[in-house]
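Undergrad: I'd like to ask you about the structure that follows.
The values are calculated or read from the model by the stated rules, or taken from the named source; none is laboratory data. Fair warning: this is a prediction, and the values are worked out from it, not measured in the lab. Don't worry about glycine lacking a Cβ; one is built from the backbone with ideal geometry, like all the others, and counts go over all protein chains shown. For accessibility, only protein heavy atoms count, side chains too; no ligands or nucleic acids. Shrake-Rupley method; radii C 1.70, N 1.55, O 1.52, S 1.80 Å.
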Amino acid sequence: MSLQNILTNWSQYRKGHEQGGFHDYEHMWGMAVDLNKCIGCNACSVACYAENNLGIVGKDRFEKGQGMHWMRIERYWDEPNLAPGVSEEFPSRGASFLPMMCQQCNAATCEPVCPVAATYHTPDGLNAQVYNRCIGSRYCSNNCPYRLRYFNFYSYYDWSWPEPLNMQLNPDLSVRDKGVMEKCTFCVQRIRVAKDTARREDRKVADGDVYPACVQTCPTDALVFGDMLDPESSVTKLWKAHQVELGKTKQHKDNEELRGYRIFEGLNTDPCVMYLERVREVEV
Amino acid sequence: MKDINEDIKWAQINKDVLRSMENPRMGYWVAVATCIAMVGCAVLAEIWQYRYGMGYANLNWPHMWDLYIATFIFWIGMSHSGTLLSAILHIIHADWRKPIYRFAEAMTTFSLMTAGLFPLIHLGRLWNMYWVLPYVSDRGIWPNFRSPLVWDAFAIGTYLTSSALFLFIGMIPDLAICRDNARGWRKKLYIALSLGWRGDDRQWRNFRRTYLLMACFLIPLAVSVHSIVSSDFAMSIMPGWHITTFPPYFVAGALYSGCAAIITLFVLLRYFFRFEEYMTLSILEKTCKLTFAIAMVWTYLNLIEFASTWYGHDVAAKEVLLEKFYGPYAPYFWMMMFCGSVMPFALAFRKLRRHIPTMFVVSLFLNLGMWLERWMIVTPTLANAYHPIAFDTMWPSMIQWAIVFGSFGWFGLLFLVFVKVFPSVSMYEVKEMVYHRRTAAGKDPEVVLHHPHRRSDDEPEPSGGTPPPSGTPGLEGA
């Protein structure tokens, strides 16, 4: 009986959902991206498409900006040092790559604006998206400074995976229908498996038990993934080595040479992904 | 120049207003057919979008909102005029509002009924729209009360209910007049709607109290509704949206577009229903002055928004502002500035104010400017937010335009039905106004009470439309 339910669990109802995320995290999944190592090969993006059943929208719709690349490699160019009046859209050198996946912000701007609480913070420190609950108001995407949320503009299953491509769909997670927002989950289905395995074996999830598809695929190990609550994990060590901490809007570093930074840190989104700045000689 | 002819007989007022509700001419049916065709376009577009996905609206990855939300704010804004004219001017005893407030209130209700459709149309999964409401669910799932979209749902729901009630309550004495003069299905309808109004002392007393109470309730509500709509933007962190002055800016814009729409409808009603006796040039002038004042407030708020963005040195917000000035949306932005801030100066000149065709065209331009304003709030920010890879411009597809176009048809249809079923000029309040003006002019107020013609047998004594001879509640009706 609904009323009974409300009366007995009043405190739970009154709270609605968690204020400002969880405070007793089981895990805090985080990542470090070394831009020195990234060669812009897009293997992570391909792996993500395969792992997460991302809709393949086709060239026209991709150009219209309706692509679904949860993991995307952004290309930026240095100021092209060409003769005055000469410009190239894609210069032959001076490119930098920025792999962008959901930053799993601890103070995520997308969470408070969702009218139906379809996006929320899990005890794993992840910013989860509940497809079944989403009504497609798209407010979360508008409020994401990184623009890392993707909307199902069409029912991709109608034509995205023609026979026999439908056989390669990952059965561990759903194919989303039109009208639903989606985004990188840090391959939550893999995290789930790792946690279940660890529980069955009566141990904690160890560093290296679980990798998202992009991390697994990266040929140069530019992406490092792990639990930031585990002091021994490689990701924690990297963050420490570069003196980047969660919960800050500005990092104070002893050494100016340390390369770690988080994107749009000043907006106080508190992302769980650290980037290591690319260092190179810019000869002219 | 008088607001109204004081020598007009009360029976004449009844006659003129009741005449406007009868015998629709050919032009009326053409207008109804046009509106239905416009709504039809929108329905077809919506069916297509519902069936095949939002992608056909040309929405894309940074542009998750576009015309739907812009037009939603536009219609919400337009709904503020009725409250301004009825409630605020009622409370400050500006009696020139009396001949024109009824259609303004109807406009409020109907533009809310139009506005309310847009947040639903823009949902990706329209069929789950009720999830925004806090209904009791066994699974203990509530909406997210921190989300401005949930506040919107409450705000619009409350405002729609109360403005419809306000419209209805203010109409009861007039409905009684209609009841006394109607036959057939209309008779049945008005009997039900006039709630047994006899025009006796106790009823007038209760009526006045209720009306005043509703007016007092509506004013803060209207202000809060548009502030809440503005918090859809102000509560976000996006440059160009996250602006402290947005609530007053939205409220000023709302009153502005509402007033402009009042001028448009004023001209149309005056012309088509030959309401020259009631919707006088003097009242039009007063409305125009009010619009001009609000336009200047709006312009001022615009300028301080630019100034605070400029001197705030928030790089992203500044770039959005510059993009508005020079970027791909610049033509629309400057058109908005021209229509919103330069055109209203036409209202500052007495000669132009008194020229009805000019006022009609100007009011249309003002509303075009206000529509563009809403578009320029929503879209440039999406086009140039923080992350450079997502900088993009987008042109809305025919699906979006058809739905926006159809919303005007829907509003027009509701309004056309209204003017033929309900009195679009308040008879009892105009009588009251005539009465007060006569008293003030030192003429004998009793003269206008007498019926100029012999009443036919099937037309019973009108019982509803005679308010107490003074503003004090409780005096015996004439």
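Undergrad: Nearest 0.05, what FRET efficiency do residue B:185 and residue A:246 give at R0 = 41 Å with Cβ-Cβ as r?
TA: 0.05
Undergrad: Can you give the convex hull volume of the alpha carbon atoms of the protein assembly as shown per residue, in Å³?
TA: Numbers: hull volume 159.6 nm³, N = 762.
That works out to 209 Å³ per residue.
Undergrad: Taking H as built 1.01 Å from N, whose amide H comes closer than 5 Å to the amide H of residue A:260, not counting residues under 5 places away?
TA: Amide H to amide H, under 5 Å and 5 or more residues apart or across chains, residue A:260 pairs with A:277.
Undergrad: Please compute, for peptide B:376-389, the average count of beta-carbon atoms on other protein chains lying within 10 Å of each residue's beta-carbon.
TA: Mean partner-chain Cβ count within 10 Å for B:376-389: 3.
Undergrad: With labels modelled as points extended 7 Å from the Cα through the Cβ direction, what inter-label distance (nm, one decimal) is found for residue B:356 paired with residue B:405?
TA: Using points 7 Å along Cα→Cβ, the separation is 3.0 nm.
Undergrad: Something else now. For A:238, B:167, give the ranking by accessible area with the largest first, probe 1.4 Å. Kindly include the intermediate steps, with their values, before the conclusion.
TA: Details: A:238 45, B:167 15 Å².
Solvent-accessible surface, decreasing: A:238, B:167.
Undergrad: Compute the angle between helix B:356-383 and the longest alpha-carbon principal axis of chain B, please, reported from 0 to 90 degrees and rounded to the nearest 10.
TA: Result, in degrees: 30.
Undergrad: Set the Förster distance to 51 Å, then compute FRET efficiency between residue B:19 and residue A:277 from the Cβ-Cβ distance, nearest 0.05. If you can, show how the numbers build up before the last one.
TA: Numbers: r = 79 Å, r/R0 = 1.54.
E between residue B:19 and residue A:277, to the nearest 0.05, is 0.05.
Undergrad: Determine the dipole magnitude for chain B: charges of +1 sit on the beta-carbon of Lys and Arg, -1 on that of Asp and Glu, nothing else is charged, the reference point is the Cα centre, and the result goes in debye to the nearest 20.
TA: It comes to approximately 820 debye.
Undergrad: Spelling out what I want: for every residue of the stretch B:45-61, take phi, set θ = phi - 60°, compute 6.51 cos²θ - 1.76 cosθ + 1.60 (Karplus), and round to whole Hz; glycine and proline get x.
TA: Once rounded to whole Hz, the list reads 4, 5, 4, 4, 5, 5, 6, 10, x, 5, x, 5, 7, 6, 5, 9, 5.
Undergrad: Angle check, please: helix B:148-181 long axis (alpha carbons) against the longest principal axis of chain B (alpha carbons), in degrees 0 to 90, nearest 10.
TA: 20 degrees
Undergrad: Kindly list the residues of the stretch A:167-195 that lie in the label zone of residue A:26, defined by a backbone N under 17 Å from the point 7 Å along the Cα-to-C-beta vector.
TA: Residues A:186-195 fall inside that zone.
Undergrad: What aspartates and glutamates could a cross-link reach from residue A:178, if we take a straight Cα to Cα line under 17 Å and drop same-chain neighbours fewer than 8 places away?
TA: Answer for residue A:178, where 17 Å is the Cα cut-off: A:158, B:46, listed by chain and number.
Undergrad: Shifting gears a bit: Which entries of B:420/B:443; B:289/B:351; A:183/B:324; A:204/A:240; A:195/A:250; B:98/B:187 have Cα-Cα distances beyond 24 Å here?
TA: Those over the limit are B:420/B:443; A:183/B:324; A:195/A:250; B:98/B:187.
Undergrad: Something else: In a Gaussian network model over chain A where Cα atoms closer than 10 Å are linked, find which of A:40, A:58, A:179 has the largest mean-square fluctuation.
TA: Answer for the Gaussian network model of chain A: A:58.
Undergrad: Here is a follow-up. To the nearest 10 degrees, how steeply does helix B:67-78 sit against the main Cα axis of chain B, on a 0 to 90 scale?
TA: 30 degrees
Undergrad: Further, regarding this structure: Straight-line reach from residue B:188: which aspartates and glutamates have Cα under 13 Å away, leaving out those fewer than 8 places along the same chain?
TA: B:180
Undergrad: Right, something else. DSSP H helices in chain A with Cα extent of 27 Å or more along the helix axis and mean Kyte-Doolittle hydropathy at least 1.0?
TA: none
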